[in-house]
1. When region 2-51 is examined, which residues are found to be in contact with a Lys or Arg (Cβ under 8 Å, 6 or more places away or on another chain), farther than 15 Å from Ile163 by Cα and surrounded by 24 or more Cβ atoms within 10 Å (Cβ to Cβ)?
2. Which one is nearest to Ile216 (Cα to Cα) among residues in region 128-145 that are surrounded by fewer than 23 Cβ atoms within 10 Å (Cβ to Cβ) and out of contact with any Lys or Arg (no Cβ under 7 Å at 6 or more places or on another chain)?
3. Being buried (at least 22 other Cβ atoms within 10 Å of the Cβ) and farther than 26 Å from Ala510 by Cβ narrows it down to one residue among Val576, Val555, Val589; which is it?
4. Take Glu83 and tell me if it is within 31 Å of the chain's Cα centre (by Cα), surrounded by fewer than 22 Cβ atoms within 10 Å (Cβ to Cβ) and more than 15 Å from Gly161 (Cβ to Cβ).
5. Take region 362-382 and flag every residue that is more than 23 Å from Pro397 (Cβ to Cβ) and aliphatic (A, V, I, L, M).
6. One residue is enough: does region 325-334 have a residue meeting the conditions of a type in the set (Lys, Arg) and free of Cβ contacts under 8 Å to residues at least 60 places away in the same chain?
7. Do you know which of the residues in region 377-399 that are more than 19 Å from Val326 (Cα to Cα) and over 17 Å from the mean Cα position of the chain (by Cα) is most open to solvent (accessible area, probe 1.4 Å)?
8. Mind checking which strands (runs of 3 or more DSSP E) fall wholly inside region 85-172 and carry at least 1 residues that are modelled with pLDDT under 95 and either under 24 Å from Phe207 (Cα atoms) or out of contact with any Ser or Thr (no Cβ under 7 Å at 6 or more places or on another chain) (or both)?
Amino acid sequence: MCGIVGAVAERDVVPILMEGLRRLEYRGYDSAGIAVLDEGRSLCRVRMPGKVATLAQALQEGTLHGSIGIAHTRWATHGVPSESNAHPHVCRKTVAVVHNGIIENHERLREAQQAQGYEFTSQTDTEVIAHQVYHYLDGGLPLLEAVQRAVQDLEGAYALGVISTRDPDLLVAARRGSPLIIGIGIGEHFIASDVAALLPVTQRFVFLEEGDVAAIRRDRLLIFDARGRQVQRPERISEISANAVERGPYRHYMLKEIYEQPRAIADTLEGRLYQGRVLEESFGAGAGEIFDRVQGVHIIACGTSYHAGLIGRYWLESLAGIPCSVEVASEFRYRRPVVRNSSLIVTLSQSGETADTLAGLQEAKRLGFGHSLAICNVPESSLVRESELVLMTRAGPEIGVASTKAFTTQLVAMMMLVMVLGRRFGMRPETETGLVQQLERLPRLVEEVLELDDRIQELAQAFADKHNALFLGRGAQYPVAMEGALKLKEISYIHAEAYPAGELKHGPLALIDADMPVVAVAPNNELLEKLKSNLQEVRARGGQLFVFADSEAGVEAEGSVFVLPVAPAEDSIAPVIYSVPLQLLAYHVAVLKGTDIDQPRNLAKSVTVE
């Protein structure tokens, strides 16, 4: 995922583009770049590895000016973070392109273009777009038609901004599979990946639809659909103020990040789903060939990421029929595992710098386990650099030590992995389509859970004077219970443990009394009736029960049983849904106890030492 911004105006657009990049930096911050057509109508470009601030420093001399330009902040997919891989990409000082998405057939296009004499200066899939547009320009087509022809040659997902010296007053935008909006000003127009990027200059927007190509000038906007027919798209007025986007109403980073989860999930999916399928190129170049050789999966992770791996194991085995094992990285690196040569080593980490996970990956590679895939939130991290394949989670910077949106986006990434591997183990196309549809509904379902916040805040009062808590779940909800217990421990300092609900009789039942609140997650699945029996065991011992239950599950509140109904969700994605209320519960308990929520004692965000 990357951030795009562009502008065509009567004024200097460089300040507009730079402010847009700052507002889009959540979409990627391993490199940034800008290209404009100057007063002499020459194409001028500046690119820098690192964050947008690094690019801003490079522009401090103020020598870059232009009334039309494009800019980009990158989250690497193809090619390491570097100046040469940063956007915009330019062909023969004539065409400049910024791109968000993945071009699946870039290797085929690259081979054909090299045969035609085009030189490549990057490892990215985007550079083929610049060359393809130039190819049609060189054949005599005007810029708009050259882009329209070029996008017909592309397979995959894209949002594009294109400028050229051949038509120095025209900005061309195109989208398929990745969002792109047009901002309307007075005698000026803008493009961006996100409304927030343009709020300082306009609140009037047009949202491009799938397959649209737009010809954008200062005083004119023309939009063409996928068939090349001119169309009108409705104009919308945003009610979001620029100040509200910057400030945010949240008391703590953790709460802000909990509420960012619908957007983080949508961003993680963006550009990776196409016509009911997951694009394999999302995992990196050559992913398909590697996946063809995989006979099993071995997941290595720590903490919250370990819990995501446990849920992934349930999915891999039940949905895709693939054998999977999950290990705590600090244990894996010191034992003598049996080597499985055809395994895919999957490492999960928010920071990509967790020492034990890195060492686990290195040990697995030394032992010859097989290929490696990193699911990570930081593109320039060590884990990403050492892995063959990478799937970025796109949660954006996570400040709170207790991970929230990084966890749920890891689950989304795991589900995408389940689908691309499942194809090779007999998963039917209609099954994948159904799972893709569930993922596409997920952001809205999480928003519905967040609407329960006030009621969860009331439930939290029952925990304020407690010193212990028990979390229960069955099946894939058991790791969800583990994650809920971890969150409560991390930020409220209440001792909390999680158990499979069926294990109550084997020890934990001895702890049940009025001072031991029990939290259970109860989606409406084949294990529901068994879970209800386990809950009765708690009630019979005088325990206080807090049940997050599917509203259609038939779990009734009475006496010491408190039920919070959660909107129905398919069983496959239920672990994501039920993680969110447990995050809110931990947060509100911590607020009542007055702890340091964003920086809890003794903990660090990234554990870079053993």
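The values are calculated or read from the model by the stated rules, or taken from the named source; none is laboratory data. All values reported here derive from a predicted model rather than from experimental measurement. Note that we place each Cβ from the backbone using ideal geometry, even for glycine, and neighbour counts take in every protein chain shown. Just the protein is used for accessible areas: all its heavy atoms, side chains included, with ligands, DNA and RNA removed. Shrake-Rupley method; radii C 1.70, N 1.55, O 1.52, S 1.80 Å.
1. Within region 2-51, Cys2, Gly3, Gly28, Tyr29, Ser31, Ala32 qualify.
2. The residue in question is Leu144.
3. Details: Val555 fails: farther than 26 Å from Ala510 by Cβ; Val589 fails: farther than 26 Å from Ala510 by Cβ.
One residue alone meets the criteria, Val576.
4. yes
5. Of everything in region 362-382, those that are more than 23 Å from Pro397 (Cβ to Cβ) and aliphatic (A, V, I, L, M) turn out to be Ala364, Leu367.
6. yes
7. Arg385
8. 95-103, 156-164
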